[in-house]
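Step one of this worksheet: look at the structure below.
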Amino acid sequence: MSPVASVLLHVDSQPRCAMRLALASRLAQRLEAQVTALYTAAPVLPRGLGLLSENQGLALAPALDAERRVQARALFDACAADASHLRWTEADTAQPLVAGFVRQALLHDLMVLGQSDRDDAAAGVPLDFVESVAVDSGRPVLAVPYAGNFTDVGRNVLLAWKPTRESARALAALLPLLRDGARVHVASWGSDPREIEPLLRRHGVEAQFHDEGRAPGELGDALLSLAADLSVDLLAMGCYGHSRARELMLGGASRTVLQAMTVPVLLAH
């Protein structure tokens, strides 16, 4: 049995969600896994409806909520027409949005979420949704960029390695996602990437190792640059090696990558 038997996918009403649906479905077919598509969106607030009066906003908000749900379900149905491994469910609106999603994440092996788009408030989730869910659930997250076309992952991958719990969990989460014959790159700044070579070989993985020397001031940018140079289809990394409060105040590699990612990113905390 595959280590990934159950995938939790966040769905919303945005057209970009179709990309996540297709990618999650492709992964599930390869891994023989089940995908639970969980519709989660914060209610539309009347005060966010522009020039409408308060009473008009109160009347219109529920209709907009219902319209978003219908749009999301239509995207799901279009993808799930011939896919028995996909099932639809909706978040419990009695729970806070992030806490409710995290509660469900604990029941699955992997999550597939969309990168936050600061210009798209209609998605209905907070801008720190991906990192909040990754940190609070402890489950690996496959974050899909809001721009670009991604139909599959695992053919050419980059693992950012350092001797930490988060990196070790990222490696463990990455192994089941590798395609047969995948090209695997392991990069490290300030530590020896070859220390995981024996473990990779025991898993039948031959990797290329990149010792990048001392860590630069902007490690996230360096990591994204290397991912582009290697033309990878997946970047795997630990999430929040320092305390979350420090990351939120000072930035950090994981936060930089989440904001500027150009390929899917596998995060583990």
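The values are calculated or read from the model by the stated rules, or taken from the named source; none is laboratory data. For clarity, every value in this text was computed on a predicted model and none was experimentally measured. Here the Cβ is made from the backbone with ideal geometry for all residues, glycine too, and neighbour counts use every protein chain on show.
Observations
Residue by residue, here is whether (1) at pLDDT 95 or above; (2) farther than 19 Å from Leu266 by Cα; (3) among the hydrophobic types (A, V, I, L, M, F, W, C) holds:
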| position | (1), (2), (3) |
| --- | --- |
| Ser167 | no, no, no |
| Trp189 | no, no, yes |
| Gly204 | yes, yes, no |
| Ala215 | no, yes, yes |
| Ala222 | no, no, yes |
| Ala228 | yes, no, yes |
| Ser231 | yes, no, no |
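- Some residue of the stretch 68-91 being farther than 23 Å from Ala22 by Cβ, in the same structural domain as Gln29 (by TED's automatic domain parsing), at pLDDT below 90 and not hydroxyl-bearing (Ser, Thr, Tyr): no
- Looking across the stretch 1-31 at every residue that is surrounded by 19 or more Cβ atoms within 10 Å (Cβ to Cβ) and among the small types (Gly, Ala, Ser), the one that is modelled with the lowest pLDDT is identified as Ser13.
- All positions within the stretch 2-25 that are closer than 20 Å to Gly154 by Cβ and not polar (S, T, N, Q): Pro3, Val4, Ala5, Val7, Leu8, Leu9, Met19, Arg20, Leu21, Ala22, Leu23, Ala24
- Restricting attention to the stretch 156-167, the residues that are surrounded by 15 or more Cβ atoms within 10 Å (Cβ to Cβ) and in contact (Cβ under 8 Å) with a residue 40 or more places away in the chain total 8.
- The residue pairs whose first member lies in the stretch 219-236 and is assigned by TED's automatic domain parsing to the domain that holds Val257, whose second member is part of a helix (DSSP H, G or I) and hydroxyl-bearing (Ser, Thr, Tyr), and whose beta carbons are closer than 7 Å, counting only pairs six or more residues apart or on different chains, are Gly220/Thr256; Asp221/Thr256.
- Selection count where residues are surrounded by 14 or more Cβ atoms within 10 Å (Cβ to Cβ), of a type in the set (Val, Ile, Thr) and not in a loop (DSSP other than H, G, I, E, B), scope the stretch 82-140: 6
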